[in-house]
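**Q** Quick one: this structure, given as structure tokens, is what I'll be asking you about.
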Amino acid sequence: MTEVSIFSLVTGICVGLSAGYLGSLMVLKKMALVGDALSHVALPGLALSILLGFNPFLGAFAFLFGSAVIIWRIERVTKLSIETIVGALFTLALAAGILMIPEPELLEALFGNITNVSLTDTAIALVVSAIAIFFTKTIYSKIVLGMISEELAKSTGLDVDRTNLLYLLLVSLAVAIGIRIVGTLLVGFLVVVPAATAKNVSSNLFRYSILSSILGSISSASGVLLSSFLGLPSGPLIVLSGISIFLIAVLARWLRIQLP
Amino acid sequence: MNQSIKDDTTDYILEVSNLTVNLQNQIILDNISFKLKRGTTLAIVGPNGAGKTVLFRALLNLLPYRGKIEWSKGVKIGYVPQRVSIGDIPISVQEFLSFKESSNMAGCLGAQDCLSLVGLDSGQLSNKELRVLSGGQLQRVLIAWAIADRPDVLLFDEPTAGVDLDSEEAIYEMLNRLEKENQITVLLISHDIHVVRDYSEYMLALNRSVIYFGGSEKIADPSLLEKIYGSGTVMKTRKERG
């Protein structure tokens with residue numbers, strides 16, 4: 001195994017863990033598609049980093065968090081649904097990003113690439129995932145309480161709006177590191193599918209969130225490994241491994257219901 | 001309209017004066033004033049859209065208002081909302097109750113203790129998911145949540161909506177017991193004459209402004225009912241409505 005494949009494997013595991021963990025909240029908040037569409041907003045950020053020569057993570061994160069704040073603000077002020085706002089922003093960002101990114105790098109930005117993951121990328125992924133998971137853990141119960149009843153949450157003195165903003169910031173972090181290996185078009189997968197699989201088989205929040213992170217990391221690790229063996233882009237392979245796990249879980253559940 | 005239940009030497013836990021709530025340029029509550037004695041139960045009645053839930057939200061400081069709401073110093077409030085949306089969140093009873101413990105550590109009852117206070121078997125229920133509980137069980141779990149940090153006041157927004165009659169009876173009996181044993185002041189919103197008459201000492205009839213505030217026995221007065229709900233109204237118990 002080469003150094004690069006070890007870096008990309010470690011990056012993949014970190015990305016899968018954090019995206020799976022944060023995604024478990026995204027799916028409960030019925031924001032799965034928002035998470036998916038939000039990731040596309042990173043494209044113009046990536047374009048700028050390529051054109052100006054700075055770390056793509058920074059460009060992606062700046063755009064993701066910027067859009068997250070805009071969405072958060074517009075939702076509070078206009079009461080439009082998040083879906084509508086994200087839908088409008090995402091198509092704009094995708095269009096702008098595709099026009100801005102030089103063609104040779106476009107495929108990599110859209111579908112991910114593990115062949116040039118550096119030590120710096122791996123270190124960023126490690127640190128950022130740890131931060132994202134740590135802070136998400138501290139607000140996890142608050143977010144769930146806010147979903148069950150906003151009034152109940154507020155009556156315990158919780159600032160629901162601020163907690164949601166912090167959560168969007170953390171999602172932006174997790175998605176920004178995910179883009180490296182899965183690409184902007186497919187990174188939404190890591191937020192949605194592991195959580196959907198875990199929800200199918202969990203009877204409490206603890207199991208659900210842990211299982212979602214583990215499934216996220218298994219999907220991305222197996223995708224990265226397949227990618228380095230087959231020489232194909234990592235993003236689609238990660239998605240295919242994750243979807244296979246999802247289908248197995250659905251089938252297992254179905255069989256358990258069918259069999260006496 | 002500043003009506004008080006007893007003279008000014010009484011120990012009031014809540015004093016509301018000239019409370020007005022304006023939402024999206026509509027007056028929802030208009031100049032509400034009343035006082036509530038510690039350890040009593042107040043039923044809030046009124047037609048749909050009368051502002052009952054908004055009054056609760058103002059009392060909990062969840063929305064902007066004009067006027068004065070004064071809780072006695074250091075009072076702890078427990079709240080059971082009208083609706084919660086569990087949806088398909090995979091959360092166990094124990095996990096839900098632990099949220100309260102983590103948000104309010106000092107003097108908080110454990111999940112087991114609050115479940116037994118509301119007459120639920122913690123051994124059987126702790127690990128069950130909230131989404132599979134019956135309406136009555138869920139309501140009791142919410143009450144358990146509300147009493148976990150030993151509040152002085154409980155606010156119930158239609159505590160038995162969506163609960164079968166037997167469970168409703170049991171929930172009110174339990175509320176009554178909690179109130180007596182722990183000197184808890186209870187404010188509840190109800191549409192049921194039987195609940196107002198049998199489980200509350202006082203009644204606040206609301207339709208944007210205060211129509212009546214005083215002893216709950218007045219609920220049986222047809223002229224007052226007409227004033228609250230309009231002419232031809234006969235307020236029945238849930239049992240009578242079938």
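The values are calculated or read from the model by the stated rules, or taken from the named source; none is laboratory data. As the structure is a prediction and not an experimental result, all values here were calculated from the model. Every residue, glycine as well, gets a Cβ built from its backbone with ideal geometry; the counts of neighbours run over all protein chains shown.
**Q** Quick one: how many residues across the range B:149-174 are farther than 20 Å from B:S85 by Cα and within 14 Å of chain A (Cβ to nearest Cβ)?
**A** Total meeting the criteria: 4.
**Q** Let me ask something additional. Can you confirm whether A:R253 is modelled with pLDDT under 90 and within 14 Å of chain B (Cβ to nearest Cβ)?
**A** Yes: the conditions hold for A:R253.
**Q** Restricting to the range B:84-99, and then to whatever is of a type in the set (A, V, I, L, M) and more than 7 Å from chain A (Cβ to nearest Cβ), can you tell me which residue is nearest to A:L158 (Cα to Cα)?
**A** B:L97
**Q** Now a separate question. Tell me the residue from A:T120, A:T138 that is assigned to a helix (DSSP H, G or I) and within 14 Å of chain B (Cβ to nearest Cβ), please.
**A** A:T138
**Q** In the range A:178-206, what residues are within 14 Å of chain B (Cβ to nearest Cβ) and outside any helix (DSSP H, G or I)?
**A** Hits for the range A:178-206 are A:S202, A:S203, A:N204.
**Q** If you don't mind, there's one more thing I want to ask. Within the range B:153-174, how many residues turn out to be out of contact with any Phe, Trp or Tyr (no Cβ under 7 Å at 6 or more places or on another chain) and assigned to a helix (DSSP H, G or I)? Steps first, answer last, please.
**A** Applying the first criterion (out of contact with any Phe, Trp or Tyr (no Cβ under 7 Å at 6 or more places or on another chain)) to the range B:153-174 yields B:153-154, B:156, B:158-171, B:173-174.
Restricting the remaining residues to those that are assigned to a helix (DSSP H, G or I) gives B:165-171, B:173-174.
Going through the range B:153-174 one residue at a time, the tally reaches 9.
**Q** While we're on this one: Exactly one of (1) in a loop (DSSP other than H, G, I, E, B); (2) within 13 Å of another protein chain (Cβ to nearest Cβ) is unmet by B:A50. Its number?
**A** Failing condition for B:A50: (2).
**Q** How many residues are free of Cβ contacts under 8 Å to residues at least 60 places away in the same chain, out of contact with any Gly (no Cβ under 9 Å at 6 or more places or on another chain) and crowded, with 19+ Cβ neighbours inside 10 Å if we restrict to the range A:205-244?
**A** Looking only at that region, the number is 0.
**Q** Any chance you could count how many residues in the range B:64-93 are surrounded by 16 or more Cβ atoms within 10 Å (Cβ to Cβ) and within 25 Å of B:L175 (Cα to Cα)?
**A** So the answer is 12.
**Q** From the list A:A88, A:A96, which residue is away from chain B (no Cβ under 14 Å) and either modelled with pLDDT of 85 or more or buried (at least 19 other Cβ atoms within 10 Å of the Cβ) (or both)?
**A** The match here is A:A96.
**Q** Determine if the range B:185-203 includes at least one residue that is of a type outside the set (S, T, Y), at pLDDT 85 or above and in a loop (DSSP other than H, G, I, E, B).
**A** yes
**Q** Next question. Give the range A:153-177 a look and list any residue that's more than 19 Å from the chain's Cα centre (by Cα) and either surrounded by 24 or more Cβ atoms within 10 Å (Cβ to Cβ) or assigned to a helix (DSSP H, G or I) (or both), or say none.
**A** Matches in the range A:153-177: A:A153, A:K154, A:S155, A:V160, A:D161, A:R162.
**Q** Look at the range B:154-213 and say how many of its residues are hydroxyl-bearing (S, T, Y), closer than 30 Å to B:N22 by Cβ and over 14 Å from the mean Cα position of the chain (by Cα).
**A** Selection size over the range B:154-213: 2.
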